[in-house]
Amino acid sequence: MSISISGNSYGHGYVSSSVNNKQYKVAEETCLADVIAEEAMMTPEQKMMYELMGGREAHMKNLMRSYNSDGDYIGPGGIIVPGMHHGRSGSTDRSTWQQIISVSDEARQKMFDNVKREFIQENGISNGDTTKRSKIFREYQLSVKKEDRAKGTWTLQQYEGKYRSAMYAAVKAANPDWEPGQSFDSSILDSVTRESVESNLVQSGNQFVRKSVDYSV
Amino acid sequence: MKRKLSLLLVVTLLCTLFVTPVSAAEAANYTEDQAVVTATSGSNYFSKITPKLNSLNGSAAMAKLSSGSCSGNERSITSVTVNCRVSSGSSRFYLTVVSPSGNSATILAGTNSTTYTFSDFIGEDPKGEWYVIVESLGAVTTVTATLKVNYNYFY
């Protein structure tokens, strides 16, 4: 992950013996121009502090820690899965990754089980403090090739919403007065299976919609 | 006799409505095709503030923010903004936001306190953990960021 930076033969004063690796190159392509521009704008005090902290060499080394050996931006500690960073905001059209693709039964089942567990645990409330959905997405992302990660994640999110809606509908059907936050008999959800929900979905653009019009709007 | 029957019927109905918990027997009757639920929709938002983020010489400073409870079953983000209050003497910086699904994008942020808009998360479900990352382009950057996420929802 880390890269050794030493010597002065590359012309920037922070030259690496590993300048040919992707981690270095991407960090350089992405950041160096901005760093140089920033250096030009520094006040003498800022410049002094900058140099005391190791200057450009140390700076680039720190920035490069957010990249992996393939040159993907992965953030501090690798919190971003390669393929999930879309570069400068707005630079990539969302439609390139907000697409429906095939997602494995295993991944969909994991998501379904998580939605069900959280629906019961939180009595139908969507609690962002306790949810494990990020973990499900990350596991999925790491299980597929980089090119499919963002698209598959989008697809999985579409399923997730439909699973939750089906569970809500089931509890409501059993007790029309029920509201999220009120307890309910969790065995109501025994009749809601991933297969039963998915069999009623059809793709519409980059989303899923229900085949039959069950909801009165 | 008629009165007694009526009374019994009323008591039974009241039990069904207010006393008896939702039963599994009722659930057994549920099928996807039979569920009829009146859809309700609306819009909502959450706003969370990071602690002071100090990035020294390009090292990353990161804060984790939770959406808290979100309305609705199906949600769709309509906008994500990050208001950055930048301490004086700070250098420009990279501002990166990571959504709960793991999508992320970066903006090159200036030294003035400004609100930045990320269009990359539109359509996503906002529920869960968000990350705000600051990476200084100079010696030091100190920022307090407020993440605001607007979304539509429906039941």
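The values are calculated or read from the model by the stated rules, or taken from the named source; none is laboratory data. Not measured: the values here are computed from a predicted model. Please note: Cβ atoms are built from the backbone with ideal geometry, for glycine as well, and neighbour counts cover all protein chains shown.
Being facing another protein chain (nearest Cβ under 8 Å) and over 22 Å from B:S119 (Cα atoms) is true for just one of A:A107, A:A170. Which residue is that? Reasoning before the result, please.
Numbers: A:A107 fails: facing another protein chain (nearest Cβ under 8 Å).
Matching residue, one of A:A107, A:A170: A:A170.
Of the numbered conditions (1) farther than 30 Å from A:F208 by Cβ; (2) out of contact with any strand residue (DSSP E or B) (no Cβ under 6 Å at 6 or more places or on another chain); (3) within 9 Å of chain A (Cβ to nearest Cβ), B:G102 fails exactly one; give the number of that condition.
For B:G102, the failing item is (1).
Determine whether the range B:106-118 contains at least one residue that is modelled with pLDDT of 95 or more, within 28 Å of A:P180 (Cα to Cα) and buried (at least 20 other Cβ atoms within 10 Å of the Cβ).
Within the range B:106-118 (the criterion being modelled with pLDDT of 95 or more, within 28 Å of A:P180 (Cα to Cα) and buried (at least 20 other Cβ atoms within 10 Å of the Cβ)), the answer is no, since none of the residues qualifies.
Table: residues versus (1) of a type in the set (S, T, Y); (2) at the interface with chain B (Cβ under 8 Å from one of its Cβ atoms); (3) closer than 30 Å to A:Q182 by Cα.
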| residue | (1), (2), (3) |
| --- | --- |
| A:R94 | no, yes, no |
| A:I101 | no, no, no |
| A:E118 | no, no, yes |
| A:N127 | no, yes, yes |
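Would it be correct to say that A:T92 is closer than 25 Å to B:R75 by Cα and modelled with pLDDT under 95? Before you say what the answer is, go through the steps one by one.
Values: closer than 25 Å to B:R75 by Cα: yes; modelled with pLDDT under 95: yes.
Yes.
Checking A:F208 against (1) modelled with pLDDT of 95 or more; (2) within 8 Å of chain B (Cβ to nearest Cβ); (3) surrounded by 18 or more Cβ atoms within 10 Å (Cβ to Cβ), which test does it fail?
Unmet for A:F208, out of (1) modelled with pLDDT of 95 or more; (2) within 8 Å of chain B (Cβ to nearest Cβ); (3) surrounded by 18 or more Cβ atoms within 10 Å (Cβ to Cβ): (2).
Being surrounded by fewer than 18 Cβ atoms within 10 Å (Cβ to Cβ), closer than 30 Å to A:G152 by Cβ and facing another protein chain (nearest Cβ under 9 Å) is true for just one of A:G87, A:G78. Which residue is that?
Details: A:G78 fails: facing another protein chain (nearest Cβ under 9 Å).
Only one candidate qualifies: A:G87.
Condition check: buried (at least 21 other Cβ atoms within 10 Å of the Cβ), modelled with pLDDT of 95 or more and within 8 Å of chain A (Cβ to nearest Cβ). Does B:I133 satisfy that?
On the way: buried (at least 21 other Cβ atoms within 10 Å of the Cβ): yes; modelled with pLDDT of 95 or more: yes; within 8 Å of chain A (Cβ to nearest Cβ): yes.
The answer is yes for B:I133.
If the requirement is being over 14 Å from the mean Cα position of the chain (by Cα) and over 23 Å from B:S76 (Cα atoms), which of these qualifies: A:Q182, A:Q158? Walk me through how you get there before you give the answer.
Working: A:Q158 fails: over 23 Å from B:S76 (Cα atoms).
Sole residue among the options that is over 14 Å from the mean Cα position of the chain (by Cα) and over 23 Å from B:S76 (Cα atoms): A:Q182.
For the range A:127-161, how many residues are in contact with a Lys or Arg (Cβ under 8 Å, 6 or more places away or on another chain) and assigned to a helix (DSSP H, G or I)?
Count: 9.
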